[in-house]
Amino acid sequence: MTTPSMTPSRSLPASVADHTTVLAIVSDRQRRDRLESSLTDRRFAVRTAASGTPLPTDLEDVDCLVSEYPTATDDFLERVRQRRPDLPVVLLVDAAASPTAALETIRAHQWVDYIHHHEPATPVTHLEHRIQTLLERQRFEALSQRSLASIELAKDAIAIIGPDGDIEVTNRSFAVQFCVDQDELPGTPWQALFTDESVERLETAAIPTVTDGWRWTGNCTGRRPTGETVPVRIRLGSLEDGSLVFVVDTA
């Protein structure tokens with residue numbers, strides 16, 4: 001049997017526990033100094049620059065960019081995206097201004113968030129939270145994408161079932177096992193793939209077992225769209241969010 005590797009092949013965005021490099025582009029010198037001293041105290045390495053300063057050519061060593069909200073004609077975010085499409089950005093929006101324009105900007109760009117900043121100083125704890133949240137979201141997506149890629153490469157028939165009981169993702173081997181088009185499986189209740197007797201066994205014995213933190217292995221009867229039944233052996237596990245992982249072999 002093969003087991004999908006969960007080991008990332010590349011470095012991931014910094015997590016809250018890692019050394020995080022922040023580049024802050026702010027016009028007011030006192031605010032720049034305050035951000036640098038306050039965030040550095042919270043295990044951030046902060047570099048600052050005045051607004052209007054040319055954007056650094058190399059942003060590879062920056063984990064998050066903090067900038068005052070650009071004007072409507074400013075192509076700041078576009079220039080950032082040309083150099084680092086995946087760089088998290090937190091915009092500092094004037095509290096007296098309407099956030100509508102900022103929200104439109106956020107909708108147009110992935111990995112962008114904003115925070116109102118007030119005179120005389122930006123609430124550093126709020127800014128820190130925004131930075132951490134963006135980095136954790138990016139880290140989770142990177143892990144998810146790599147995990148999904150490894151699932152697809154695995155020879156075992158694997159499906160991830162969401163907390164609502166519907167199939168979220170499968171690999172090709174799983175679709176072949178049940179003679180179903182892979183693209184048609186997401187959104188399908190997992191119960192549709194098994195006989196009534198097997199569904200009852202899984203719901204009363206297997207799922208409670210894995211919910212308690214154990215793994216379950218047993219024989220069941222799968223059901224294909226044609227009504228054909230097939231004996232299968234299932235290895236069942238659970239994820240922290242309540243999702244289920246089905247690994248199915250022909251019995």
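The values are calculated or read from the model by the stated rules, or taken from the named source; none is laboratory data. Bear in mind that the values here come from a model prediction, so they are computed numbers and not experimental data. With ideal geometry, Cβ positions are generated from the backbone for all residues, glycine too; neighbour counts draw on all protein chains shown.
Restricted to the stretch 27-50, and to residues there that are assigned to a loop (DSSP other than H, G, I, E, B) and modelled with pLDDT of 75 or more, the residue that is surrounded by the most Cβ atoms within 10 Å (Cβ to Cβ) is D28.
Scanning the stretch 88-97 for residues that are in contact with a Leu (Cβ under 7 Å, 6 or more places away or on another chain), surrounded by 11 or more Cβ atoms within 10 Å (Cβ to Cβ) and either over 19 Å from T133 (Cα atoms) or at pLDDT below 70 (or both) turns up nothing.
Taking the stated definitions as given, is V245 aliphatic (A, V, I, L, M) and part of a helix (DSSP H, G or I)? No, not satisfied. Here is a check on your reading of the model: is A24 modelled with pLDDT of 75 or more and surrounded by 14 or more Cβ atoms within 10 Å (Cβ to Cβ)? Against the criterion (modelled with pLDDT of 75 or more and surrounded by 14 or more Cβ atoms within 10 Å (Cβ to Cβ)), A24 qualifies. Residues that are out of contact with any Lys or Arg (no Cβ under 9 Å at 6 or more places or on another chain), surrounded by 18 or more Cβ atoms within 10 Å (Cβ to Cβ) and modelled with pLDDT of 95 or more within the stretch 211-251 comprise G222, R223, V232, I234, listed in sequence order.
For E200, the conditions (1) assigned to a loop (DSSP other than H, G, I, E, B); (2) on the phi < 0 side of the Ramachandran plot; (3) out of contact with any strand residue (DSSP E or B) (no Cβ under 9 Å at 6 or more places or on another chain) are fulfilled apart from (1).
Kindly indicate which of E136, E104, E141, E152 is under 30 Å from T195 (Cβ atoms) and either modelled with pLDDT of 80 or more or assigned to a helix (DSSP H, G or I) (or both). Don't jump to the end; show me each part of the working.
Numbers: E136 fails: under 30 Å from T195 (Cβ atoms); E104 fails: under 30 Å from T195 (Cβ atoms); E141 fails: under 30 Å from T195 (Cβ atoms).
So the residue among E136, E104, E141, E152 that is under 30 Å from T195 (Cβ atoms) and either modelled with pLDDT of 80 or more or assigned to a helix (DSSP H, G or I) (or both) is E152.
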